[in-house]
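Peer 1: Structure below; questions to follow.
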Amino acid sequence: MPQFPASQRKGAVVSNPSKAKGTRFESAVCDYLRWALDDERIQRLTLHGAKDIGDIGNVYFHGQPVVLECKATRTPNWRKHWRECEIEMGNRDAEYGWVIRKRPRLGIDTHDKVGAHLAYTRKQTYFQMTDMLNNPQLANKLDMWSQPIPRNPLLIGLTLQQLATLLNNGLNLGPDKDMT
C-alpha cells in the first residue's frame, strides 16, 4: 500500500498560518460587532470569488448595507486594501465600506482590544455617514477621534469601537444589561 505525505491523506488539514490569523481576526471582529450592535444576524461571509462582498455581513447603516473588509497583514497596504473594499462595495451595490485593519501587537481576546483596531474609509463616506447622524455632538466627537491614514489624503480612520458607535447612531454599545 503506497504511503502518502500527511498533507495528501484524506481528511488531513493543511494549515496556512496567515490564513488562520486572518480567519481568527475576522471571527473576532464579527463577534465584537454582534456584541456591540446587539445583533446576532451579523456573520462572517463565505468567499464569492470575483464577486466577493466583504468579510462581515448583515451590517447596516440607516437601512443600507455596509461592506466590511478585514485585514490582518503584517504591513499596511492602505490603497490596495481600500481598492479591494471598493470592488466589494460595487459587487454588493453598497454606498458604505470600511476596511478593518488589525493593529500590530494588539490582541483580539477581549472586546476592548478588538474595539481598538483600526477601521478606515474614504473621507467622503465618513462625512456622509456622520451627516446622517443628526447628532452634531457625536459627529464632532468622531471628528476629534478620527485619524489620518498615512500618505492617503482621501482616507480617514477610527477605531472599530468608534465605527460601531457611528453604526449604532451614538447609542451605548453592547446588549442592554438593565431589563427592569
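The values are calculated or read from the model by the stated rules, or taken from the named source; none is laboratory data. Everything numeric here is computed off the predicted structure, so don't read it as measured data. Virtual Cβ from ideal backbone geometry, glycine too; neighbours counted across all protein chains shown. Side chains included, ligands, DNA and RNA excluded: accessible areas come from the protein's heavy atoms. Shrake-Rupley method; radii C 1.70, N 1.55, O 1.52, S 1.80 Å.
Residue by residue, here is whether (1) among the aromatic types (F, W, Y); (2) touching a Pro at 6+ places or on another chain (Cβ under 7 Å); (3) within 21 Å of W35 (Cα to Cα); (4) modelled with pLDDT of 95 or more holds:
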| position | (1), (2), (3), (4) |
| --- | --- |
| Y120 | yes, no, yes, yes |
| F127 | yes, no, no, yes |
| S146 | no, no, no, yes |
| R151 | no, no, no, no |
| T180 | no, no, yes, no |
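Peer 1: Testing G90 on (1) surrounded by 15 or more Cβ atoms within 10 Å (Cβ to Cβ); (2) under 24 Å from N152 (Cβ atoms); (3) at pLDDT 95 or above, one condition comes back false. Which one is that?
Peer 2: The one condition G90 does not meet is (1).
Peer 1: Would you mind finding the one in S15, S7 that is assigned to a loop (DSSP other than H, G, I, E, B) and either open to solvent by 50 Å² or more (accessible area, probe 1.4 Å) or modelled with pLDDT under 95 (or both)?
Peer 2: From the options S15, S7, the qualifying one is S15.
Peer 1: Quick check on my filter: what residues within the range 53-63 are part of a loop (DSSP other than H, G, I, E, B) and open to solvent by less than 20 Å² (accessible area, probe 1.4 Å)?
Peer 2: Scanning the range 53-63 gives G54, D55, V59.
Okay, residues lined up against (1) of a type in the set (F, W, Y); (2) closer than 22 Å to D55 by Cβ:
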position: W82; (1), (2): yes, yes
position: D93; (1), (2): no, yes
position: T130; (1), (2): no, no
position: L163; (1), (2): no, yes
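Peer 1: Still on this structure: May I ask you to list the residues in the range 126-135 that are assigned to a helix (DSSP H, G or I) and loosely packed, with under 13 Cβ neighbours inside 10 Å?
Peer 2: D131
Peer 1: If you don't mind, there's one more thing I want to ask. Checking L138 against (1) modelled with pLDDT of 95 or more; (2) open to solvent by less than 50 Å² (accessible area, probe 1.4 Å); (3) of a type outside the set (D, E); (4) under 26 Å from H81 (Cα atoms): exactly one of these is not met. Which one?
Peer 2: All conditions are met except number (4).
Peer 1: To continue, here is another question. Could you tell me whether R79 is in contact (Cβ under 8 Å) with a residue 60 or more places away in the chain, open to solvent by 80 Å² or more (accessible area, probe 1.4 Å), out of contact with any Gly (no Cβ under 6 Å at 6 or more places or on another chain) and not aliphatic (A, V, I, L, M)?
Peer 2: Taking the combined requirement at face value, the residue satisfies it.
Peer 1: Now a separate question. Out of curiosity, is R92 over 23 Å from T23 (Cβ atoms) and in contact (Cβ under 8 Å) with a residue 12 or more places away in the chain?
Peer 2: When the stated conditions are applied, R92 does not pass them.
Peer 1: Collect the residues in the range 141-166 that are in a helix (DSSP H, G or I) and open to solvent by 60 Å² or more (accessible area, probe 1.4 Å), keeping them in residue-number order.
Peer 2: K141, D143, M144, W145, Q161
Peer 1: Taking K71 and the conditions (1) of a type in the set (D, E, K, R); (2) more than 24 Å from A139 (Cβ to Cβ); (3) open to solvent by 80 Å² or more (accessible area, probe 1.4 Å); (4) modelled with pLDDT of 95 or more, which numbered condition does it fall short on, given that it satisfies the others?
Peer 2: Of the numbered conditions (1) of a type in the set (D, E, K, R); (2) more than 24 Å from A139 (Cβ to Cβ); (3) open to solvent by 80 Å² or more (accessible area, probe 1.4 Å); (4) modelled with pLDDT of 95 or more, the odd one out for K71 is (3).
Peer 1: Search the range 64-104 for residues being of a type in the set (F, W, Y) and not in a strand (DSSP E or B), and hand back the single one that is nearest to the chain's Cα centre (by Cα).
Peer 2: Here the answer is W82.
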